[in-house]
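Worksheet: one structure, shown below.
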Amino acid sequence: VAYKPNRLKIDKKQDLKKGEIGEETMRRILTTKFADWRYEDEVRVFARLDKRDSKTGLYYEDFSADLSLREVIIGPKCHFSVSDLNNLITKYNGQVKVIPSRLAFMTFRVIERKMKVLIKKPIKIKNV
């Protein structure tokens, strides 16, 4: 992904030929994000999706030697626990890193949750 400080400029005459967006322009659009998202260090992969899943009607690319699952970040609003996801990805022999995340306190970022916080009952604070 290319992280840019400004929006992409699309040249209507050059980039929109015959009323369609050319492949190169589409690739630029699909691989560009605003610079503030740079911390994500995102990678995007493009694949031809020729086979349709008969049960869901959706298209997927299977994991293979060329495409492997390496990391799963559990978003702050995700209801799955680390152990839930570990159970789902057991066929990858522990080679997938599962990272719980949380919203940062002082920035607009999603960051790794380092510790598990459990509050069983409210804490009472006495006035001094």
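Taken together, the values in this text are just the output of simple stated rules run on the coordinates, not laboratory data. In this text the structure is predicted, and so the values were computed from the model without any measurement. Cβ placement follows ideal geometry from the backbone for every residue including glycine, while neighbour counts extend to all protein chains displayed.
Side notes on the structure shown:
- Chymotrypsin sites (Phe, Trp or Tyr not before Pro), loop per DSSP, at most 14 other Cβ atoms within 10 Å - longest free stretch of the chain: 1-45
- Computed from the Cβ-Cβ distance with R0 of 35 Å, the FRET efficiency linking Arg48 to Arg109 stands at 0.55.
- Computed over the range 49-103, the percent of Cα pairs more than 17 Å apart is 52.
- Among the GluC sites (Glu not before Pro) found in the range 6-51, those both in a DSSP coil and sparsely packed, with 12 or fewer other Cβ atoms within 10 Å of their Cβ, are Glu42.
- Loop-resident sites, the range 1-37, for trypsin sites (Lys or Arg not before Pro), counting at most 13 other Cβ within 10 Å (DSSP): Arg7, Lys9, Lys18
- The chain - percent relative contact order, Cα under 8 Å, separation 6 or more: 16
- Per-residue [θ]222 nm for the chain (sum of -39500 (n - 2.57) over DSSP H runs n ≥ 4, rounded to 500): -3500 deg cm²/dmol
- The calculated Kirkwood hydrodynamic radius for the chain is 19.3 Å, given to one decimal from all distinct C-alpha pairs.
- Convex hull (Cα only) mean projected area of the range 1-76, reported in nm² to one decimal: 8.1
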